[in-house]
Each structure stands twice: as C-alpha cells, then as structure tokens.
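Trainee: Before anything else, here's the structure in question.
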Amino acid sequence: MGIRKVGVVGCGLMGSGIVQTAASCGFEVKVREVNDQFLAKGLSKIEGVLAGAVKKEKMTAAEKDAVMARISGTTRVEDLADCDLVIEAVNENVELKQDLWRRLDALCPATTLFASNTSSIPIRVQAQVTARPDRFVGLHFFNPVPVMKLVEVIRAETTSEATYQAAMEFSKALGKTPVTCIDTAGFIVNRLLVPYLFDAVRALEAGIATAEDIDTGMKLGCGHPMGPLALLDFVGLDTALAISHILFDAFGFPHYKAPKLLEKLVSEGKLGRKSGEGIYKY
Ligand code: CAA
C-alpha cells in the first residue's frame, strides 16, 4: 500500500478521531488546523480519550505516549507535503474543500493519495480540481471514529484500481471493515439513516410518544445502541439537515425532506450535543 505518513486536515470531531485511530495503529500522522487554538483543542481531546483508556487499563501510559509521539500538529498546509496520504475532514463546504485540494495538489508529489471524509459532497467534484483524479478516493468514517468499525470507501469513476486497493488496505490497517460504494449522494449509510432519523422527528411532531420513549423503543425494541433522536443530536442537527438537502436534490424523495421541527431547531442554533441543546438539553 506504501502508506506510512498520513496527513489529516481538520482536527474537529471527525478529524481528531481519524488522527487518534491512525496514530494508534502505528501510522505517523500530521494534522493541520486553521489556528493554534483549534489545534490545541483537537490534540487535547485525543490526549483525554487516551488518558481515559490508560485509566481503564486498556493501554499503558507508555503506549499512550508512543501514540501521542506519532502525532504532530501544524497550522500550515505546506507541512503536509511529504505525506503518502492526505485525508480531509474540514467543514462540508464545496469551495473550502476544492480550495484545499488545489493547494495540496500543487504541494504534494504526484504519488500522494488524496481522500475526502465527506458525507455528502461528491468525490468527483473534489477530484476534478486536482491533476490526480485517479489518486482520489472517499474514506467516510463514522462518529466516534475510534469506536465505529465501518469505513465507506467511495470509488469514484476516476479512482484507479491501485488507489481503491490502497484505500481498502489502509482502512483494514486501521482495524476497520471497509464497504465499497459508488460516488452517489449519501453513499450507503446516510441514504438509509437519514429517512429513519427524520421519521423519528416526524413521530415526535405527531405527538405519538415522548422523545425518551421513542428512543427507548428503538434501543430496546431493535437493539440499537442509541435511539434515533439521541443519535440525531449526536450527529448534529445542522449536519443532518445539510445531508438531507443533498439527498433531496439528488433523488427528490419526500422522505429526505427535513421535518419542520428540525429546521426550527437549527434556525434557533439548537444543533444537538455540540451546542448544548437539540432534541434534548445537555
Ligand atoms: N472517542 C473514543 N472512544 C470513545 C468515544 C470517543 N469520542 N466515545 C465513546 N468512546 C468509547 C468509550 O471509551 C468506551 O470504550 P470502552 O468500551 O473501551 O470502555 C466505548 O466507546 C463505549 O462508550 P461509553 O461507555 O461512554 O458509552 P456507550 O456504551 O453509550 O457508547 C457510543 C457510546 C459508542 C457513541 C454508542 O452509543 C454508539 O455506538 N452510538 C451510535 C453511534 C453511531 O451510530 N454513529 C454513527 C453516526 S452517523 C455518522 O457518523 C455518519 C455521518 O456522516 C453523519
């Protein structure tokens, strides 16, 4: 596969999880954030999760130090120029991602593989601004990245067989189970998950039960680790809304249309766990 040094752009919720997972699996990782404050926040989150693992005796303090030593942080995109693979985990904004890839394309050697962790922006739309669409692939991780076993490997029409195989091998080297999907809106999981989450909000709007009972119903009735409304808060209401717009535009099915309550909560800044309130208060 030839991947040893991994660059990650963005050290937020997903980026920090990708960094932690890759460093824990022996990869040297460089992570870039836009400023020192965001970088410090992301790195201290990783340190905190690892410290928790040491406390639970799931790893030794020396192992934790070794993982942290494999991670280096930077605010300069230029510092990722010597990476074998660069994964972006920045905001779901087309212009932002395209601008980043243009810069990285000019900086990195032609052999560097590019991967996007997007959940909704087509891989082809990102790959087309680079001179390496054959070396461009989607690697869609799930939150919390260190825990969730799945990676969706998105094989765009331009992704070469070698790039696809490297992405599959890399995912397995992270201890994940990769599944392959074509470059289509929502890939596999969000295409199926979003209507389910929205139906739970519609059930709440219709007054069929309390939020707690809807969640308990799905947890205990179907063996899900979280109920749909708690999961919506966990994913982020704004993120779910953004994904639903992409799905609705792509397919036009009414079940991808966001429920009124979701739009209202987002417009009030109630975005879920990250803002302290969504369907539930935290
Ligand atoms: N980073 C690292 N480890 C974490 C973590 C994090 N952010 N959050 C939890 N963990 C670990 C804990 O340390 C704990 O580890 P041990 O078992 O080794 O002690 C383990 O996960 C379980 O955590 P908790 O005991 O604290 O809590 P829990 O049992 O309730 O599990 C959960 C929490 C893993 C989040 C679980 O509720 C779950 O699996 N929920 C569903 C999550 C899900 O569906 N994610 C996908 C969202 S969709 C998406 O991400 C795609 C998209 O594009 C929107």
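The values are calculated or read from the model by the stated rules, or taken from the named source; none is laboratory data. Since this is a predicted model, take the numbers as computed values, not measurements. Neighbour counts run over all protein chains shown; Cβ positions are idealised from the backbone, glycine included. Heads up: the accessible areas ignore ligands, DNA and RNA and are worked out on the full protein's heavy atoms, side chains in. Shrake-Rupley method; radii C 1.70, N 1.55, O 1.52, S 1.80 Å.
Trainee: Looking at (1) over 27 Å from GLN128 (Cβ atoms); (2) more than 14 Å from the ligand (Cβ to nearest atom); (3) assigned by TED's automatic domain parsing to the domain that holds VAL153, which is the one condition that is false for GLN165?
Mentor: So the condition that GLN165 fails would be (1).
Trainee: Same structure again: Right, SER24: open to solvent by 20 Å² or more (accessible area, probe 1.4 Å), closer than 24 Å to VAL235 by Cβ, within 16 Å of the ligand (Cβ to nearest atom) and at pLDDT 95 or above or not?
Mentor: yes
Trainee: Also, quick follow-up: If ILE18 satisfies all but one of (1) more than 15 Å from the ligand (Cβ to nearest atom); (2) in a helix (DSSP H, G or I); (3) open to solvent by less than 20 Å² (accessible area, probe 1.4 Å); (4) among the aliphatic types (A, V, I, L, M), what's the number of the condition it fails?
Mentor: (1)
Trainee: Another question, if that's okay. Being surrounded by 15 or more Cβ atoms within 10 Å (Cβ to Cβ) and either assigned to a helix (DSSP H, G or I) or of a type in the set (Lys, Arg) (or both) is true for just one of LYS58, LYS45. Which residue is that?
Mentor: Of LYS58, LYS45, the one residue that is surrounded by 15 or more Cβ atoms within 10 Å (Cβ to Cβ) and either assigned to a helix (DSSP H, G or I) or of a type in the set (Lys, Arg) (or both) is LYS45.
Trainee: Tally the residues that are touching a residue at least 12 places away in the same chain (Cβ under 8 Å) and touching a Lys or Arg at 6+ places or on another chain (Cβ under 7 Å), restricting the search to the range 52-75.
Mentor: 3
Trainee: When the range 143-170 is examined, which residues are found to be farther than 17 Å from VAL8 by Cβ and assigned to a loop (DSSP other than H, G, I, E, B)?
Mentor: Those that are farther than 17 Å from VAL8 by Cβ and assigned to a loop (DSSP other than H, G, I, E, B): VAL147, LYS149, ALA156, GLU157, THR158, THR159, SER160.
Trainee: Of all residues in the range 132-142, count the ones that are touching a helix residue (DSSP H, G or I) at 6+ places or on another chain (Cβ under 6 Å) and surrounded by fewer than 19 Cβ atoms within 10 Å (Cβ to Cβ).
Mentor: Residues flagged as touching a helix residue (DSSP H, G or I) at 6+ places or on another chain (Cβ under 6 Å) and surrounded by fewer than 19 Cβ atoms within 10 Å (Cβ to Cβ) within the range 132-142 amount to 0.
Trainee: Six or more apart or on different chains, Cβ atoms under 6 Å: show the pairs whose first residue is in the range 10-26 and in the same structural domain as GLY175 (by TED's automatic domain parsing) and within 19 Å of TRP101 (Cα to Cα) and whose second is open to solvent by less than 10 Å² (accessible area, probe 1.4 Å) and assigned to a loop (DSSP other than H, G, I, E, B).
Mentor: That search, which allows pairs on different chains as well, returns ILE18/VAL145.
Trainee: Follow-up question, since we're still on this one. Look at the range 57-88 and say how many of its residues are under 14 Å from ALA23 (Cα atoms) and of a type in the set (D, E, K, R).
Mentor: Residues that pass the stated criteria total 4.
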